[in-house]
Structure formats: structure tokens, C-alpha cells
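The block underneath contains the structure these notes are about, expressed in C-alpha cells.
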Amino acid sequence: MAGKDKDLKGLTVKKKEDFSEWYTQLIQKAELADYSAVSGCIIYRPNSYLVWEKIRDEVDRRFKAIGIKNAYFPLFIPEKLLQKEASHIEGFSPEVAWVTHAGDSKLDERIAVRPTSETIMYDSYSKWIRSHRDLPLRLNQWNNVVRWEFKHPTPFLRGREFLWNEGHTAFATKKEAEAEKDQIIGIYKEVCENYLALPSLIGKKSEKEKFAGAEYTVSMEFLMPHGKAVQGPDFHHDGQIFAKAFDITFLDDKGEKQYAWQNTWAISTRMLGVLFAVHSDDKGLVLPPKVALTQAVIVPILFDATKDIVLKEAAAIVKKLEKKDIAVHLDSRDDYSPGWKFNEWEMKGIPLRIELGPKDIEKKQAVVVRRDTGEKKFILLDKLETEVPLLLETMQNELYAKAVKHLQASTVMVTSLREAEKELLVEKLILGPWCGVTKCEEEFKEKTGAKSLNSPFEQPPLKKEQKCFACGAKAMVWFYFGKSY
């Protein structure tokens with residue numbers, strides 16, 4: 001056999017024993033990200049950025065299908081624009097990075113590095129929208145934003161710069177604007193479930209946790225392996241709040257002046273962190289087949305006497321699978337041993353590994369190994385083009401089913417503070433009857449470290465005299481709470 005073993009150090013800690021260290025090692029050893037010279041800002045390496053491109057493309061295709069158009073607005077926002085909506089700037093003020101100088105000259109006005117684009121976009125919306133015929137205006141942009149948070153940065157999950165989409169729409173009526181919620185959340189839900197294999201808790205945020213400047217926020221909350229929740233894609237109904245601040249008005253069909261009704265919505269690279277953390281294991285990265293750049297890798301077992309025969313058959317398999325739209329890679333390097341290659345491709349999360357040696361060719365078969373379960377199947381060579389797509393589909397579905405099972409098992413209904421504290425200690429999310437009062441929410445977080453997540457649209461029935469699980473006052477709504485990023 002040609003080649004020699006080269007050093008490939010795997011993960012040195014287990015996911016269940018030290019999640020933080022496991023995650024840190026995973027993103028570096030699977031070549032997903034690297035740290036940059038700027039604190040809190042990471043480098044998205046090709047292995048992660050390719051997954052983001054897949055998310056972006058699938059979401060973008062669906063946006064365009066419902067009439068949303070892409071645009072791009074400046075990265076820099078004059079301070080006077082950022083201050084136009086009081087609650088909005090108050091919500092972002094601690095996180096804004098400011099440009100104060102150009103070269104050695106101090107600027108007359110500070111310029112914010114985009115934390116979000118409402119203010120720069122709506123300055124233009126107020127000029128573009130004049131008549132009801134100009135509505136709806138549905139624009140989206142794919143860009144980067146900077147939020148100079150001082151909490152502990154975690155690659156993908158919490159950083160000072162991240163990538164996202166931000167949709168900004170304006171409508172003539174409140175009914176039209178609110179109807180967009182189901183469209184947008186439906187798109188995010190479909191991509192997260194069908195591509196990322198990630199289920200979520202979907203519902204309305206509390207008044208305290210809603211987007212700064214919105215009337216209300218609808219969020220998708222995801223569960224991490226160690227019991228913490230992460231907020232994913234969201235939809236904000238802004239009502240006429242920004243329209244009044246920026247004078248976004250139009251003449252209706254009766255010639256009367258009206259304020260527009262607006263929404264904003266986003267999905268970000270935070271979903272990469274959720275994806276990697278939920279599915280991956282102690283061997284490294286696990287990727288759902290639909291977002292893997294390479295879905296199958298062929299590792300030939302090479303000996304001098306049979307090398308040409310094996311490589312010829314491997315090349316033939318590549319052609320067969322490519323005809324089935326399977327993204328396949330033939331690893332024909334002869335300076336690495338098969339065992340080393342197995343470990344490398346496991347670390348990088350390739351969904352299927354196809355092993356092919358001279359004995360396999362004699363038996364007219366190949367060994368196919370699933371990355372997620374390690375299950376091996378001996379498949380006849382003339383059956384690979386039908387069996388491999390089925391295996392990939394099965395893996396995709398089972399990764400989602402496993403995540404659903406974990407979410408369901410980790411979400412517990414409670415009716416008292418004692419029950420809530422008990423479940424939070426064992427890394428559960430809780431669903432409890434809540435009074436909806438901000439003070440109660442704040443006191444519960446101070447006491448337990450858990451914050452409100454959202455209120456499900458499908459509500460369990462509230463008993464007539466149901467009390468708030470946290471403070472004992474009259475309960476108004478069932479609400480999810482949990483520790484979170």
C-alpha cells in the first residue's frame with residue numbers, strides 16, 4: 001500500500017462532558033472558522049461559508065418567488081438618522097460602533113457602522129413612497145452587521161460581526177403587513193427543517209424581549225445540546241412606528257394621506273453554530289446531506305498491483321452518482337493511508353463514505369458508511385446509483401427526527417416556581433403559565449438565569465384560576481422560558 005500515516009488529531013473532549021471546549025475544538029479542527037486579529041470577529045472558512053451560501057440561496061430563491069427584490073444600502077449610517085426613532089436607538093446604543101475620524105480629521109457628525117438598516121433604508125423609503133401605487137415595497141439585502149457586544153463571544157453564535165439577510169417591507173394596510181408573517185416565517189421554517197434538519201419553537205416574544213422599535217416580534221427558538229436556547233430567524237411587525245419617525249406616507253385611493261405599515265425580518269449565520277452544535281459528535285462535524293458541499297466521498301484502498309483497476313472503478317462510480325445529482329469526491333491521494341482519510345472525512349462531516357478495494361471489486365460491491373450513525377452497508381456496484389440517494393434521504397430525515405426527539409424530551413410543562421427551578425437545573429426548557437408582567441420576567445431571570453423565549457401560537461388551555469408559575473399572579477398566557485445565549 002502506498003503512503004504513510006500522518007498526524008490527524010481528533011477532538012480530545014466529549015460533547016456531553018465539556019460542550020464549550022468540544023465546540024471550540026470542532027470549529028477549528030473541522031476547519032469551519034478561525035479567530036481573527038479583531039476580538040470577537042471570526043473568519044468564516046470555506047467549510048462553513050459554503051453552508052451559509054446554501055442557506056442564503058435557498059432562502060433567497062423563496063423570497064424572489066413571492067415578489068421580494070434584493071437591494072443594497074450603505075454600511076455607514078449618520079448619527080442623526082440612527083436617532084430618529086427613540087426606542088430603536090435606545091435598544092442598540094450599547095452595541096453601536098462609531099466612526100469618528102477620516103484620516104486625521106475629525107468628522108462633523110459621528111457615523112455608525114451598520115448594526116441594522118432600518119434608519120438608512122427608511123430615509124430612502126420616505127422619498128420613494130408617494131402613492132398607494134408604490135406599495136407594497138418589499139426589499140431585502142444580504143449583508144454584514146456590526147454589534148459591538150461585550151459579552152463572551154462564541155464563534156457563529158455570538159460575535160461582533162455577522163452575516164444575515166434583512167428584509168424591510170412597507171404596505172398600505174396593517175392587514176397586508178401582518179399577513180406577511182406567515183410567508184416569511186414559513187420560508188425560514190422550511191429551510192431550517194428541510195435543509196438544516198433543525199426543529200424550533202415558534203411564537204411571539206415578550207414586550208421586554210421584542211425587537212427595539214417593533215410592535216411585536218415572532219421568533220424561532222432552537223435548543224442547543226446542553227439545554228440552552230438560541231434565537232434564530234425572526235419577524236418583526238413594526239406597525240407605523242418607523243413610518244411616523246421617518247415620514248413614510250402615501251396618498252390612498254381616496255387621495256388621503258396615510259402612514260405605511262412595516263415589517264422587518266432576518267436569518268443570520270448564527271444558524272451555522274446551531275447546525276454544527278446540534279448534529280455533530282465526538283468524531284467531528286456531522287452535516288445534513290442537503291447542505292453538504294460533498295455528499296459522498298470515495299476512499300479507494302490502493303495497492304501497487306491493483307491501483308489502476310480500483311481507481312478506474314472508483315471513477316466510474318463518480319460518474320454514476322453525478323448523474324443522480326450526488327455531489328461526490330474521489331480521494332485518490334496516495335500519500336495518506338485509508339485510515340487517515342477516514343478520520344479526516346469524518347471530522348469534516350461528509351455524509352457518506354464509500355470504501356472500495358480490490359476484494360470489493362471481486363465481489364462487485366462497495367462498503368458504504370453513514371457519517372451520523374457509523375452504519376456500514378455492503379452495496380452491489382450496480383445498485384449504488386439507486387441506494388446512495390436513498391441513504392442520503394434517510395440520513396437527512398433521521399437527523400431531523402433525532403433533533404425533534406431531543407427538543408420534545410427537553411421541553412417540560414411546569415406550573416410552579418419550584419418545578420421550573422428543578423427542570424432548569426437539568427438543562428430543560430420550560431413551558432409555564434405566565435402573567436406577562438415584565439417585572440416578574442426580570443425577577444425570574446435574576447433568580448434562575450433563565451429568560452423568556454416566546455409564547456407558542458398553539459396555546460394549551462388556561463384554567464380559569466390558573467396562576468403564574470413564577471409569581472403566583474393571574475396567568476395570562478403559556479410561555480417558554482430557558483437559559484440562552
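The table that follows gives values for the structure above.
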quantity: Unmet criterion (only one of (1) touching a helix residue (DSSP H, G or I) at 6+ places or on another chain (Cβ under 8 Å); (2) under 30 Å from GLN25 (Cβ atoms); (3) at pLDDT 95 or above) for ASN144; calculated: (1)
quantity: Qualifying residues in the stretch 239-276 (those that are more than 29 Å from the chain's Cα centre (by Cα) and aromatic (Phe, Trp, Tyr)) - the one farthest from LEU399 (Cα to Cα); calculated: PHE250
quantity: Number of the condition not met by LYS80 [criteria: (1) without any contact (Cβ under 8 Å) to a residue 12 or more places away in the chain; (2) in contact with an Asp or Glu (Cβ under 8 Å, 6 or more places away or on another chain)]; calculated: (1)
quantity: Top-ranked residue in the stretch 372-431 [being hydroxyl-bearing (Ser, Thr, Tyr) and assigned to a helix (DSSP H, G or I); ranked as nearest to GLU190 (Cα to Cα)]; calculated: TYR400
quantity: Qualifying positions in the stretch 145-177 - touching a residue at least 60 places away in the same chain (Cβ under 8 Å) and part of a helix (DSSP H, G or I); calculated: LYS174, GLU176, ALA177
quantity: Unique match (being under 20 Å from LEU287 (Cβ atoms), of a type in the set (Asp, Glu), buried (at least 17 other Cβ atoms within 10 Å of the Cβ) and at pLDDT 95 or above) among GLU58, GLU31; calculated: GLU58
quantity: Enumeration of residues in the stretch 472-485 that are free of Cβ contacts under 8 Å to residues at least 60 places away in the same chain and either surrounded by fewer than 17 Cβ atoms within 10 Å (Cβ to Cβ) or part of a strand (DSSP E or B) (or both); calculated: GLY472, ALA473, LYS474, MET476, VAL477, TRP478
quantity: Residue that is surrounded by the most Cβ atoms within 10 Å (Cβ to Cβ) [pool: residues in the stretch 183-236 that are aromatic (Phe, Trp, Tyr) and touching a helix residue (DSSP H, G or I) at 6+ places or on another chain (Cβ under 9 Å)]; calculated: PHE222
quantity: Members of the stretch 463-481 that are at pLDDT below 95 and closer than 20 Å to THR411 by Cα; calculated: none
quantity: Unique match (being over 30 Å from SER48 (Cβ atoms), surrounded by fewer than 23 Cβ atoms within 10 Å (Cβ to Cβ), touching a residue at least 60 places away in the same chain (Cβ under 8 Å) and not aromatic (Phe, Trp, Tyr)) among ILE248, ILE241; calculated: ILE241
quantity: Complete set of residues in the stretch 369-392 that are in contact with a helix residue (DSSP H, G or I) (Cβ under 8 Å, 6 or more places away or on another chain) and touching a residue at least 40 places away in the same chain (Cβ under 8 Å); calculated: ARG371, ASP372, LEU381, LEU384, GLU385, VAL388, LEU392
quantity: Residue that is nearest to GLY227 (Cα to Cα) [pool: residues in the stretch 20-41 that are touching a helix residue (DSSP H, G or I) at 6+ places or on another chain (Cβ under 8 Å) and in contact (Cβ under 8 Å) with a residue 40 or more places away in the chain]; calculated: TYR23
quantity: Contacts under 8 angstrom Cβ, first residue in the stretch 319-343 being under 20 Å from LYS307 (Cα atoms) and without any contact (Cβ under 8 Å) to a residue 24 or more places away in the chain, partner among the small types (Gly, Ala, Ser) and surrounded by fewer than 18 Cβ atoms within 10 Å (Cβ to Cβ), 6 or more apart; calculated: none
quantity: Check on LEU50, aliphatic (A, V, I, L, M), surrounded by 11 or more Cβ atoms within 10 Å (Cβ to Cβ) and at pLDDT 95 or above; calculated: yes
quantity: Leading residue by the ranking (surrounded by the fewest Cβ atoms within 10 Å (Cβ to Cβ)) among those in the stretch 87-110 that are in a helix (DSSP H, G or I) and charged (D, E, K, R); calculated: GLU90
quantity: The stretch 279-315: number of residues that are among the acidic types (Asp, Glu), more than 35 Å from the chain's Cα centre (by Cα) and modelled with pLDDT of 95 or more; calculated: 2
quantity: So SER131, is it of a type in the set (S, T, N, Q) and out of contact with any Phe, Trp or Tyr (no Cβ under 9 Å at 6 or more places or on another chain); calculated: no
quantity: Members of the stretch 17-47 that are of a type in the set (S, T, N, Q) and in contact with a strand residue (DSSP E or B) (Cβ under 6 Å, 6 or more places away or on another chain); calculated: SER36
quantity: Flag for PHE276 being farther than 30 Å from ILE43 by Cβ, in contact with a helix residue (DSSP H, G or I) (Cβ under 8 Å, 6 or more places away or on another chain) and of a type outside the set (Asp, Glu); calculated: no
quantity: Filter result (aliphatic (A, V, I, L, M) and closer than 15 Å to LEU384 by Cα) within the stretch 331-365; calculated: LEU352, ILE354, LEU356, ILE361
quantity: Condition met for GLU31 (on the phi > 0 side of the Ramachandran plot and either within 23 Å of the chain's Cα centre (by Cα) or among the acidic types (Asp, Glu) (or both)); calculated: yes
quantity: Options SER337, SER268, SER332: the member that is of a type in the set (S, T, N, Q) and within 28 Å of HIS226 (Cα to Cα); calculated: SER268
quantity: Unique match (being touching a Leu at 6+ places or on another chain (Cβ under 8 Å), surrounded by fewer than 18 Cβ atoms within 10 Å (Cβ to Cβ) and over 29 Å from THR12 (Cα atoms)) among LYS364, LYS324; calculated: LYS364
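The values are calculated or read from the model by the stated rules, or taken from the named source; none is laboratory data. Bear in mind that the values here come from a model prediction, so they are computed numbers and not experimental data. Backbone-built Cβ (ideal geometry, glycine too); neighbour counts: all protein chains shown.
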